[in-house]
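The structure under discussion appears below in the form of C-alpha cells.
The values are calculated or read from the model by the stated rules, or taken from the named source; none is laboratory data. Model, not experiment: these values are computed from the prediction. For neighbour counting, all protein chains shown are included, and Cβ atoms are generated from backbone atoms with ideal geometry for every residue, glycine included. The protein model used for the area step is the full one, side chains on, heavy atoms only, and it has no ligands, DNA or RNA in it. Shrake-Rupley method; radii C 1.70, N 1.55, O 1.52, S 1.80 Å.
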Amino acid sequence: MAEIVVVESKQAAGELVATEIRRLIESKADTVLGLATGSTPLPVYAALAASFRANPLDVSRVRGFALDEYVGLPAEHPESYRTVITRDVIGPLGLTPNQIQVPNGDVATLEHAGAKYERAIEAAGGIDLQILGIGRTGHLGFNEPGSSFASCTRVKTLAPKSRADNARFFALPEDVPRHCITQGLGTIRRARHLVLLAFGVEKATAIAAAVEGPVTASQPGSAIQLHAHVTVVLDEEAAAQLAGLDYYRYIWANKPAWQGI
Ligand code: GLP
C-alpha cells in the first residue's frame, strides 16, 4: 500500500518532497515532473525554490506537465492554471515556459487536446514523479467521482462542490468554469511515483477513503491503491480519520534512512 508520512507542518511536507525531487533531478537531469495546482503543493514548490537558491542545480533539462486546466479561460487569465504554473513553478524554480506543458483548455482545439497531451507525456518518456493534491470530492486532478481508473486526458464537468471550493479564486462564484481538461486516472497511474499531499481537517474524509476505503470510481483518490509506489504526506488533521494511523507511524519511524520516499 501507499507509504503514509505524517508531518508536523506544511513546511515540513514541502521540504520532504522537495528533497526527493532534488535527489531525482541530481540522478536524472531530464526528470519529468507532474505538477498539481491548488494551494496544497505550494510548500513543495517554495521548498524546492529555496533549495535551488541555497545550492544551485542545473534544471535546464527538467520537463513538467500540469495535471489540469480550466476550459474556456484565456491562458493569460489570472486563474488559468497556465498562469498559476508560471507564477508558482516556472518563475520560482528558474525554468523557461517551454519546459512545462499545461493541457490546452481552448474551446477551438479541445477535441484533440487530450490525445495531444497524452502523446507529449509519452514523448517525454513518461512522468517520473507526479505531485497530487486531493479535492473534498476525492478528486485527483479534476477526476471527479465516477471517473474511470483507465481514463486519459480529457474534458470533464466539475462537480458543484469543486466549483464552490475554487470560487475563492474568482470574483464571483459563477465565474468558475464548469468544464476542465484533466489528466485521467490512467494517466496519473502511469507516472512512476505518486506523491499525494493533503493538509487540514476538510481533507481527512477524502484521504481515509483514498488510502483505506474500497477501490471504487466513486472515490477517485482510491486509484492510488492500484499503484506500486505512492507516498502520502499529511498533516495531523488530514491524517485524523485513518484507522491504521499508529501502524503507519511505526512503519515510517522504522524506515531505513537510505530508502528515501
Ligand atoms: C484543485 C485542482 C486539483 C487539486 C485540488 C485540491 O482544484 N484541480 O489538482 O489537487 O483541487 O485543491 P487544493 O490543493 O487547493 O485544496
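A few comments on the model shown:
- Any hit, segment 137-144, residues being more than 19 Å from G64 (Cα to Cα) and in contact with a Leu (Cβ under 6 Å, 6 or more places away or on another chain): yes
- Any hit, segment 153-166, residues being within 17 Å of Q241 (Cα to Cα) and of a type in the set (V, I, T): no
- Top-ranked residue of segment 218-261 - restricted to ones that are polar (S, T, N, Q) and open to solvent by 70 Å² or more (accessible area, probe 1.4 Å), ranked as nearest to the chain's Cα centre (by Cα): Q225
- On the stretch given as segment 198-249, residues that are more than 16 Å from the ligand (Cβ to nearest atom) and either part of a strand (DSSP E or B) or charged (D, E, K, R) (or both) total 4.
- Considering residues of segment 138-169 that are polar (S, T, N, Q) and assigned to a loop (DSSP other than H, G, I, E, B) only, the residue surrounded by the most Cβ atoms within 10 Å (Cβ to Cβ): T153
- Within segment 96-132, considering residues that are assigned to a loop (DSSP other than H, G, I, E, B), more than 13 Å from Q183 (Cα to Cα) and out of contact with any helix residue (DSSP H, G or I) (no Cβ under 7 Å at 6 or more places or on another chain), the one least open to solvent (accessible area, probe 1.4 Å): A124
- Test: residue in segment 73-86 that is more than 19 Å from G135 (Cα to Cα), surrounded by 15 or more Cβ atoms within 10 Å (Cβ to Cβ) and touching a helix residue (DSSP H, G or I) at 6+ places or on another chain (Cβ under 6 Å): no
- Listed by first and then second residue, the pairs with beta-carbon distance under 6 Å, at least 6 apart or on different chains, first residue in segment 157-170 and among the β-branched types (V, I, T), second surrounded by 15 or more Cβ atoms within 10 Å (Cβ to Cβ), are T157/H179.
- Subset tally (residues that are within 16 Å of the ligand (Cβ to nearest atom), buried (at least 21 other Cβ atoms within 10 Å of the Cβ) and under 24 Å from Y248 (Cβ atoms)) for segment 11-33: 3
- I85 vs. criteria under 16 Å from the mean Cα position of the chain (by Cα), modelled with pLDDT of 95 or more and not in a strand (DSSP E or B): yes
- Residues of segment 170-209 classified as buried (at least 24 other Cβ atoms within 10 Å of the Cβ) and among the charged types (D, E, K, R), total: 1
- The requirement of being among the charged types (D, E, K, R) and under 18 Å from I131 (Cα atoms) is satisfied by R192.
- Verdict on G38 being part of a loop (DSSP other than H, G, I, E, B) and within 16 Å of the ligand (Cβ to nearest atom): yes
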